[in-house]
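Participant: One structure, pasted below without further comment.
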Amino acid sequence: MRFGIAKKIILLFVFSVAILSASLGYYFIRQHKKSALSELDEKAKTMLNSLASSSEYPVMIKDRKAISKIATDALKQKDVVFVKIVDDKNNVLSQKGEESAQNTKVYTSAIVVEMTGFEKKEELILGSTEKGFEKVGEIYLTLSMENMRKELNATAKIAVLVTIIAIGITSLFIILLVRFFVGRPIKELVLGTKIIGEGALSYKISINSTDEIGA
């Protein structure tokens, strides 16, 4: 099968457009995934700070009922599949949800309480208000990445569809452009050359163009 100049140019442009579109689509999906992970991490950080703050006193006095309520309320939040709260000796005070859930990410945060110098029983000057922090427990928070995965899949499908449409429209435009400005003039030039070569020296090649082919 013989490929003319126009076909070669069309194939080159279509291939280039396909590579460029695929690269841009991949970059877009990758950036979207990075952004989604960052949002999940920020959400987990905010939740952990809130849980740690509300768990300080219950963990200190080992109030399992209050701790259980905190864990239950946390489990009701979107994407949360498992919550575990332990004391400073790693004894489980409460755990809710499914720890072995698939496609998840685990986050942890220490539960610390602020203590003055007197509370630390240090030999400080009378009236000192030096403060320190003491770890009294830890929170384990497991978030499901399933919703994020579904969202990324939906975005990927849209990106692929847009890429295919972009390739199709661009390819059609290139095909028409090349055939009109390159393919047709070259065919006329080849035909005219053949006719003139056969002896019809008065034949005029009908190319209305001011570019190199016209010249």
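The values are calculated or read from the model by the stated rules, or taken from the named source; none is laboratory data. These numbers were taken from a predicted model, which means no experiment stands behind them. Every residue, glycine as well, gets a Cβ built from its backbone with ideal geometry; the counts of neighbours run over all protein chains shown. Ligands, DNA and RNA are excluded from the accessible area calculation, which covers all protein heavy atoms including side chains. Shrake-Rupley method; radii C 1.70, N 1.55, O 1.52, S 1.80 Å.
Participant: For the chain, take the longest principal axis of its alpha carbons; what is the angle in degrees between that and the long axis of helix 5-60, to the nearest 10 within 0 to 90?
Facilitator: Relative to the chain, helix 5-60 is tipped by roughly 10 degrees.
Participant: Then there is this: Specify the residue with the greatest mean-square fluctuation among Lys194, Lys150, Lys34, computed from a Gaussian network of the chain linking alpha-carbon atoms under 10 Å apart.
Facilitator: Lys194
Participant: Something else now. If r is the Cβ-Cβ distance from Tyr27 to Ala101 and R0 is 30 Å, what FRET efficiency results, to the nearest 0.05?
Facilitator: Working: r = 31 Å, r/R0 = 1.03.
It comes out at approximately 0.45.
Participant: Under the rule of -39500 (n - 2.57) per DSSP H run of 4 or more residues, summed and divided by the residues of the chain, what mean residue ellipticity at 222 nm is obtained, to the nearest 500 deg cm²/dmol? Each step should come with its number before you reach the end.
Facilitator: Working: 4 runs with 115 residues, N = 215.
Computed mean residue ellipticity for the chain: -19000 deg cm²/dmol.
Participant: Which angle from 0 to 90°, rounded to the nearest 10, does the C-alpha axis of helix 146-178 make with the longest principal axis of the chain?
Facilitator: 10
Participant: Can you send over the carbon and sulfur percentage of the accessible area for segment 13-67, probe radius 1.4 Å, protein chains only? Let's see the in-between values first.
Facilitator: Numbers: 2390 of 3830 Å².
After summing per-atom areas, the C and S share lands at 62 percent.
Participant: Taking amide H positions as placed in the peptide plane 1.01 Å from N, state which residues far from Asp63 in sequence (5 or more) or on other chains have amide H under 5 Å from it.
Facilitator: When sequence neighbours closer than 5 places are left aside, there are no close amide H contacts.
Participant: Relative to the first principal axis of the alpha-carbon coordinates of the chain, what is the inclination of helix 184-197, with its axis defined by its Cα atoms, in degrees from 0 to 90 and to the nearest 10?
Facilitator: 30
Participant: Using the heavy atoms of the protein chains and a 1.4 angstrom probe, tell me the accessible area per residue for the chain in square angstrom. Please list the in-between numbers first.
Facilitator: Values: 15060 Å² over 215 residues.
For the chain, the per-residue accessible area is 70 Å².
Participant: As an exercise, find the ratio Rg/Rh for the chain from alpha-carbon atoms, using the Kirkwood inverse-distance average for Rh.
Facilitator: Numbers: Rg = 35.3 Å, Rh = 24.0 Å.
Expressed as Rg/Rh, it is 1.47.
Participant: Quick one, can you get me the convex hull of the C-alpha atoms of segment 6-57 expressed as volume per residue in Å³? Walk me through the numbers on the way to the answer.
Facilitator: Working: hull volume 1.4 nm³, N = 52.
Hull volume over Cα atoms, normalised by residue count, gives 27 Å³.
Participant: Please report the orientation-averaged projected area of segment 1-124, defined via the convex hull of its C-alpha atoms, in nm².
Facilitator: On the way: hull surface 57.8 nm².
The directionally averaged projection comes out at 14.5 nm².
Participant: If you place +1 on the Cβ of every Lys and Arg, -1 on the Cβ of every Asp and Glu, and leave all else neutral, what size is the dipole of the chain about its Cα centre, to the nearest 20 Debye?
Facilitator: Working: 30 positive and 24 negative charges, 270 e Å.
Dipole size: approximately 1300 debye.
Participant: Which percent of the Cα-Cα distances in segment 149-204 go past 16 Å?
Facilitator: On the way: 997 of 1540 pairs.
Result: 65 percent of Cα pairs exceed 16 Å.
Participant: I'd like to know which of Ile165, Gly197, Val14 lies farthest towards the positive end of the charge dipole of the chain, counting +1 on Cβ of Lys and Arg and -1 on Cβ of Asp and Glu.
Facilitator: Sorting the options by dipole projection puts first Gly197.
Participant: Relative contact order of the chain: what whole-number percent is it, with Cα pairs under 8 angstrom and at least 6 residues apart?
Facilitator: Numbers: 244 pairs, mean separation 49.4, N = 215.
Result for the chain is 23 percent.
Participant: Per the 1.4 Å probe, what fraction of the accessible area of segment 130-207, in percent, lies on carbon and sulfur atoms?
Facilitator: Details: 3580 of 5280 Å².
The C+S portion of the solvent-accessible surface of segment 130-207 is 68 percent.
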